[in-house]
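**Q** For reference, the structure I am asking about is given below.
What follows draws every value from the coordinates through simple rules; no lab data is involved. Computed from a predicted model, the values in this text were never measured in an experiment. Positions of Cβ are backbone-derived with ideal geometry, glycine not excepted, and every protein chain shown enters the neighbour counts.
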Amino acid sequence: MFGELDQRQLDLTTRLNVTFTPTLSFQLYLQPFTFSGRYRTFKELRAPRTFAFNVYGQDNGSTITYDGGNARYTVHPDSSQPSNSFQFSNPDFRVRSLRSNAVLRWEYRPGSTLFLVWTQSRSADLSDPTLDVGHYLARELLRDPPTNVLLIKVNYWLSL
């Protein structure tokens, strides 16, 4: 079975570097991302080794119906053989994620540094393919549960 995919994507990679003093700096990286896909015009190959298709609901007297309550399609590929009918789940989808890193770097003596790093990751897989930029940025961006990591790294210069 084949279908045509209508896809939409929104991502914005943002970097911010701030140097407060020659020994103290801050770096921020943000990457919100969302991708949605809506399938339509479901079809099957007309014959082996060809690129000709029978579109469900248009060719060979076939029918296709969608049950919104169960999110399932029912296909009758040939009206002369109703026993060949089959069902499949709605393949539409949406994925969203937010990746962020923040790094504070302090050189507390020449050659010796302290790094404080915070990383956060959020993601979700959804069956609703609706991609509304205003809704996504205003309400959904921080809705998913985060995974947070905090790291501290200390380098100390030993002069021998």
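**Q** Return the label of the correct value of Cα extents along the principal axes in Å, as calculated from the structure shown, out of [x] 71, 35, 20; [y] 40, 39, 27; [z] 88, 37, 21.
**A** [z]
**Q** Pulled fully out, how much extra length does the chain show between residue 52 and residue 25, if you take 0.36 nm times their separation in residues and subtract their Cα-Cα distance?
**A** Difference between extended and current length: 3.7 nm.
**Q** Something else now. Looking at the chain, which longest stretch skips every one of the chymotrypsin sites (Phe, Trp or Tyr not before Pro) that is in a DSSP loop with at most 15 other Cβ atoms within 10 Å, leaving the sites themselves out?
**A** 52-155
**Q** Please give the Cα centre distance for the range 105-160 versus the range 56-79, rounded to the nearest Å.
**A** 46 Å
**Q** Just want the ordering: 18, 55, 95, from fewest to most Cβ atoms lying within 10 Å of their own Cβ.
**A** Result, fewest neighbours first: 18, 95, 55.
**Q** Just to check I understand the Karplus step: with θ = phi - 60° and J = 6.51 cos²θ - 1.76 cosθ + 1.60, what whole-Hz values come out for the range 101-109, glycine and proline as x?
**A** 9, 10, 10, 10, 10, 10, 8, 7, 7
**Q** For a quick check: sort 107, 4 by the number of other beta carbons within 10 angstrom, fewest at the front.
**A** Lowest count first: 4, 107.
**Q** Roughly how many nanometres apart are two label points built 7 Å out from the Cα toward the Cβ at residue 130 and residue 79?
**A** My value for the distance between the label points is 3.5 nm.
**Q** For residue 139, what charge total do you get from the other residues with a beta carbon under 13 Å from its beta carbon, if Lys and Arg give +1 and Asp and Glu give -1?
**A** That works out to -1.
**Q** Considering the dipole of the range 1-153 built from charges on the beta carbon (Lys and Arg +1, Asp and Glu -1) around the Cα centre, which of 142, 85, 47 is farthest to its positive end?
**A** Sorting the options by dipole projection puts first 142.
**Q** What distance in nm separates the simple spin-label points at residue 144 and residue 160, each placed 7 Å from Cα in the Cβ direction?
**A** For residue 144 paired with residue 160, the spin-label model returns 4.8 nm.
**Q** With θ set to phi - 60° and the Karplus curve 6.51 cos²θ - 1.76 cosθ + 1.60, what are the ³J(HN,Hα) couplings of the range 13-20 in order, to the nearest whole Hz, using x for Gly and Pro?
**A** Result, ordered by residue: 9, 10, 10, 9, 10, 10, 10, 7 Hz.
**Q** Something else about it: So what is the relative contact order for the chain, in percent, with contacts set as C-alpha pairs under 8 Å and at least six apart?
**A** Reported as a whole number, the value is 20 percent.
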